[in-house]
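Scroll down for the structure; my scribbles are underneath it.
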Amino acid sequence: MWDTEGTMRLGALDSRVVALALVALQGCRCATSVTDVGPAELAIAPTALDFATLYVGQESRLRIEVANQGGATASFDVSSAPPFTSDVQHLELPRGERATVTVAFAPGVAGPVSGVLQLGAAHVALGGVALAVPECEAQAMCTSAHFDVTSGACVDAPASDGTACQTRCVSGACSAGTCVGTAKGCDDGDACTMDVCSEEVGCDHLPRDCPAPAASTCRVATCDRASGCGEAIAPDGTVCGVDDCAALTVDVCIAGQCVTRPRPGPGRCANRWVPSNVTARLGHAMVFDTASQTVVLFGGLGARVGGTVDDTWEWNGATWTQRFPATSGPPVENHAMAYDSFRQRAVLYGGAITMGAASGLNGGPNGTFEWDGQAWVGRVTSVAPPVLTEGAMAYDTSRRRSVLFGGATWSGATDQTWEWDGQAWAQAPDGGTPGPRRSHALAYDSARRRVVLFGGTNDARALLGDTWTWDGRTWSQLATARSPPARFGHAMAFDEGRQRLVLFGGQTRSGAPSDDTWEWDGQTWTEQRPATAPGPRLRAAMAYDSARGEVVLFGGL
């Protein structure tokens, strides 16, 4: 305030404020500078996510860890483009904090896919492969089929009750998965046949087996189309007793009576010699029959008979047994054969009926035969592969198709792919093939659900050493780190127990048969060097015996 003389004076209170301010100034120790807080530093692991292969419609999830190792709080958006999504869209991470981001891969279309997960200025590479869901066909009337992505196989389910149905034997409606209704009439008016109907062939008329007469050994069963079974006197000379092939006399029927007569000079026993082991051969084929739990061998070029053979043999893991079916396929070599495990049938196609002549006229116009465990039955179809030999076939269990590829036709090697579903042949569309070839090998890799092809030779006699796979739609050539040398006439089978495809023998560029063993694990080939192995050979046959867990090899040149 000012006094009367105009001099400024501090009041008592004001003087005390000034004094306190001076004391505060004297005691202050202010820092000369201020330390800045450092920027956020993100640590991301992993920096790339590679999703496992999925079917379209499936979803897979993987996680990444994000940590802030800097000073300032990290604030950033998290984003990605379909088919990749993340469970968070924004993160706030103080210093020293971490968070988990889950990324989902849910493909909508088939093929390889790549993308980026953006975390502010940082990013994580994303990649995956999507497989198209295979189309499934119902295997029977009153069933529907869909592909189960979990098991990787087609699954049948009963159709809705009341759905109209018409099979080869019944016309009506579905009930509990069965077509129920009016049975088709199959009566042919012949008393010597049994009229039956099967869904495979429709009406069939099986010969009636009339019982043998019990009253006399010199009477035989007969059958009349109008009256049915009856009896008649056996033809004179019919053997009616035991024929031991050593006696000078023989019991025969004369006028309906069994009498003893001297054995005629040209008379022969009914007994016969049969081989106790498979004769040497090449160009034969083998499959494992899951119904009989035996390896089934058919045909080939017999080394001792000097021509093609039509014999059928079964291997039970210890011995070979020859089968004598009522009907057989033709004598062939270099035919293709596969085992349809769904229908429990061995399927045979083509082959040479004589040296170099392709089969196509036996059992129908196209040379398709099936073994049901009792007989070989020729299948006649309106469409079929070309007449060929030296083709190869494998059964795709996931798609229930026998796949036939390549072979030698009248005009040269072919590159056609055909599939047999048990009813009809269908040629696969030309979507890129391994090229024309013959004497190659096919096997179905059940672990990776692919038919695998290796090697062979083309029309220019060039040996091939490439590996291809067939997924039911497309052939794909595989680049492998290692591979067997190019060859033809080799044998190949898939060892389901060890999930490995086994290849043996064949002829390489050395000009001589080989005795090397190779295995395919789905990525590359590896040569095996067992302590003991079969000798060098080509045109042998091989099959995997799942009952005993071993690969079986037989024959060859």
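The values are calculated or read from the model by the stated rules, or taken from the named source; none is laboratory data. A quick note: this is a predicted structure, and the numbers were derived from the prediction, not measured. Every residue, glycine among them, receives a Cβ derived from its backbone with ideal geometry; neighbour counts consider all protein chains shown. Ligands, DNA and RNA are excluded from the accessible area calculation, which covers all protein heavy atoms including side chains. Shrake-Rupley method; radii C 1.70, N 1.55, O 1.52, S 1.80 Å.
The set of residues in the range 517-553 being open to solvent by 20 Å² or more (accessible area, probe 1.4 Å) and more than 23 Å from the chain's Cα centre (by Cα) consists of Glu527, Gln528, Arg529, Pro530, Ala531, Thr532, Ala533, Pro534, Gly535, Pro536, Arg537. Selection of the range 329-363 for residues being over 26 Å from Thr397 (Cα atoms), modelled with pLDDT under 85 and not aliphatic (A, V, I, L, M) yields Thr354, Gly356, Ser359, Gly360, Asn362. In the set (1) over 30 Å from Pro386 (Cβ atoms); (2) at pLDDT 90 or above, the condition left unmet by Asn277 is number (2).
Residues are listed down the side, and each one gets a yes or a no for (1) at pLDDT 95 or above; (2) β-branched (Val, Ile, Thr); (3) more than 19 Å from Met286 (Cβ to Cβ):
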{"position": "Ala392", "(1), (2), (3)": "yes, no, no"}
{"position": "Tyr395", "(1), (2), (3)": "yes, no, no"}
{"position": "Ser398", "(1), (2), (3)": "no, no, yes"}
{"position": "Val403", "(1), (2), (3)": "yes, yes, no"}
{"position": "Ser411", "(1), (2), (3)": "no, no, yes"}
{"position": "Gly422", "(1), (2), (3)": "no, no, yes"}
{"position": "Pro429", "(1), (2), (3)": "no, no, yes"}
{"position": "Gly432", "(1), (2), (3)": "no, no, yes"}
{"position": "Leu442", "(1), (2), (3)": "yes, no, no"}
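Evaluation of Arg95 against the conditions (1) in a strand (DSSP E or B); (2) modelled with pLDDT of 90 or more; (3) charged (D, E, K, R) shows that the sole unmet condition is (1).
One line per residue, one yes/no per condition, for (1) assigned to a loop (DSSP other than H, G, I, E, B); (2) open to solvent by less than 50 Å² (accessible area, probe 1.4 Å); (3) at positive phi:
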| position | (1), (2), (3) |
| --- | --- |
| Glu419 | no, yes, no |
| Ala426 | no, no, no |
| Thr433 | yes, yes, no |
| Tyr444 | no, yes, no |
| Val451 | no, yes, no |
| Asp459 | yes, no, no |
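Checking Val155, Val116, Val124 one by one, the residue that is open to solvent by 60 Å² or more (accessible area, probe 1.4 Å), hydrophobic (A, V, I, L, M, F, W, C), farther than 30 Å from Thr222 by Cα and assigned to a strand (DSSP E or B) is Val116 and no other. For Arg437, the stated conditions hold: it is of a type outside the set (A, V, I, L, M) and in contact with a strand residue (DSSP E or B) (Cβ under 9 Å, 6 or more places away or on another chain). Can you tell me which residue in the range 85-113 is farthest from Gln58 (Cα to Cα), limited to those that are touching a Lys or Arg at 6+ places or on another chain (Cβ under 9 Å) and loosely packed, with under 13 Cβ neighbours inside 10 Å? My answer is Thr100.
Only one of the numbered conditions (1) open to solvent by 70 Å² or more (accessible area, probe 1.4 Å); (2) in a strand (DSSP E or B) is violated by Pro82, and that is (2).
Checking each residue in the range 213-242 for being open to solvent by less than 70 Å² (accessible area, probe 1.4 Å), part of a loop (DSSP other than H, G, I, E, B), on the phi < 0 side of the Ramachandran plot and not aliphatic (A, V, I, L, M) picks out Pro213, Ser216, Cys218, Thr238, Cys240, Gly241.
Taking the criterion of being among the polar types (S, T, N, Q) and over 8 Å from Pro107 (Cα atoms), the residues of the range 47-63 that qualify are Thr47, Thr53, Ser60. Looking at the range 312-328 only, could you name the residues that are surrounded by 14 or more Cβ atoms within 10 Å (Cβ to Cβ), out of contact with any Leu (no Cβ under 6 Å at 6 or more places or on another chain) and either among the small types (Gly, Ala, Ser) or under 23 Å from Ala441 (Cα atoms) (or both)? Across the range 312-328, the qualifying residues are Thr312, Glu314, Trp315, Ser328. Among the residues in the range 243-261, are any of a type in the set (Asp, Glu), at pLDDT 75 or above, touching a strand residue (DSSP E or B) at 6+ places or on another chain (Cβ under 9 Å) and not in a strand (DSSP E or B)? Checking the range 243-261: not a single residue is of a type in the set (Asp, Glu), at pLDDT 75 or above, touching a strand residue (DSSP E or B) at 6+ places or on another chain (Cβ under 9 Å) and not in a strand (DSSP E or B). Of all residues in the range 388-417, those that are open to solvent by 10 Å² or more (accessible area, probe 1.4 Å), assigned to a loop (DSSP other than H, G, I, E, B) and in contact with a Pro (Cβ under 9 Å, 6 or more places away or on another chain) total 8. In the range 364-387, the qualifying residues are those that are over 24 Å from Gly412 (Cα atoms) and either of a type in the set (D, E, K, R) or part of a loop (DSSP other than H, G, I, E, B) (or both), and the one that is modelled with the highest pLDDT is Glu370. Among the residues of the range 461-484, those identified as of a type outside the set (A, V, I, L, M, F, W, C) and assigned to a loop (DSSP other than H, G, I, E, B) are Arg461, Asp471, Gly472, Arg473, Thr474, Thr480, Arg482, Ser483, Pro484. Comparison of Cys210, Cys136, Cys165, Cys174 shows that the only residue that is open to solvent by less than 40 Å² (accessible area, probe 1.4 Å), within 30 Å of Ser341 (Cβ to Cβ) and assigned to a loop (DSSP other than H, G, I, E, B) is Cys136.
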